[in-house]
Every structure is written in structure tokens, then in C-alpha cells.
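Visitor: Attaching a single structure in C-alpha cells format; questions to follow.
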């Protein structure tokens, strides 16, 4: 069975990492990448309202009544659900950034960065402070990837 390893959609490149297609945010020489993994936040999805004050955990106990064939006898609850489905909120997403360093993949966090082999912790901390690195901003993480490549 063949698997897709690389996909290009317009100007975006995705690579398969452990069965998940991740967006290539940045690439450095030697097979080093900054990757973005985006998925539905299932924990948040289970906690959110599905509309008109009904929590998703209790939605299965709610009944939709008076469902007729002509459309005019459809209950107000169902009509509200259909209207919200068209203009309602998008699915909650969670995003995680990863450094792919050759064959090694690590989540882009400060602790993982400081524990990488070949990284001088004192110098790395000075770099983080000087560059004002924000661990959720891709521009900052591109700088960290460049630092890793130069210092390994």
C-alpha cells in the first residue's frame, strides 16, 4: 500500500510524519524543518455548545419534535440548528509546531529546545532572551530552527 509522502497545494508543502500530513513552515539545509500540525481539538469540541444553549454532552437527550414532510411543520429547534450549521462557529483547532531535525522530530517547546544535544544552555537562553522568542509564533520558531542548525 502506497502512502502520500509529500503534497503541494498551491504554495504550501505538506509532508507525512508518522501518518499525519504536516505543513512545512520553514526548511533549513540538511533536512531540518519547522512543521505545523493542525487537528480538531476533541477535548474542546466535547465541551462546546452545539447551538441555542444546548451543550454537546446533553444534546443526545434533546428531542426534535413535529418533523413533517412539507417543511412547514419542522420544529423551531431543527430550523435553528440548520440555520446555525450554515453560519455557526468553525470546529475548534489545536496547533502544534515541531522541529524535524533529520529523522528526529521534537515538539517546538523551550524545554525540548534546551535539551537538544549540542545546544549550549547558557548561550541558548541568551539567544531566546535577545530574540524575544514567542513559542506560539512561527516567525520566532523559524529563528530557533536557524539557531539549532547553526549550533548542532
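The values are calculated or read from the model by the stated rules, or taken from the named source; none is laboratory data. Note that the structure is predicted; figures quoted are calculated from it, not measured. FYI the Cβ positions are ideal-geometry reconstructions off the backbone, even for glycines, and counts take in every protein chain you see.
Visitor: Would you call residue 108 assigned by TED's automatic domain parsing to the domain that holds residue 22, within 19 Å of residue 21 (Cα to Cα), modelled with pLDDT under 95 and under 23 Å from the mean Cα position of the chain (by Cα)?
Guide: Spelling it out, it is not the case that residue 108 is assigned by TED's automatic domain parsing to the domain that holds residue 22, within 19 Å of residue 21 (Cα to Cα), modelled with pLDDT under 95 and under 23 Å from the mean Cα position of the chain (by Cα).
Visitor: When only residues in the stretch 16-28 that are touching a residue at least 40 places away in the same chain (Cβ under 8 Å) and assigned to a strand (DSSP E or B) count, which is surrounded by the fewest Cβ atoms within 10 Å (Cβ to Cβ)?
Guide: Filtering the stretch 16-28 for residues that are touching a residue at least 40 places away in the same chain (Cβ under 8 Å) and assigned to a strand (DSSP E or B), the one surrounded by the fewest Cβ atoms within 10 Å (Cβ to Cβ) comes out as 17.
Visitor: Can you tell me which residues in the stretch 90-104 are in contact with a helix residue (DSSP H, G or I) (Cβ under 8 Å, 6 or more places away or on another chain) and either in a strand (DSSP E or B) or closer than 22 Å to residue 24 by Cβ (or both)?
Guide: Hits for the stretch 90-104 are 94, 97, 99, 101.
Visitor: Out of 134, 150, which single residue is exposed (fewer than 13 other Cβ atoms within 10 Å of the Cβ) and out of contact with any helix residue (DSSP H, G or I) (no Cβ under 7 Å at 6 or more places or on another chain)?
Guide: Answer to the selection: 150.
Visitor: Which ranges mark the helices (runs of 4 or more DSSP H) fully within the stretch 105-152 that have 3 or more residues being within 16 Å of residue 26 (Cβ to Cβ)?
Guide: Here the list reads 138-151.
Visitor: Which of the residues spanning the stretch 132-152 are farther than 21 Å from residue 95 by Cβ and free of Cβ contacts under 8 Å to residues at least 24 places away in the same chain?
Guide: 147, 150
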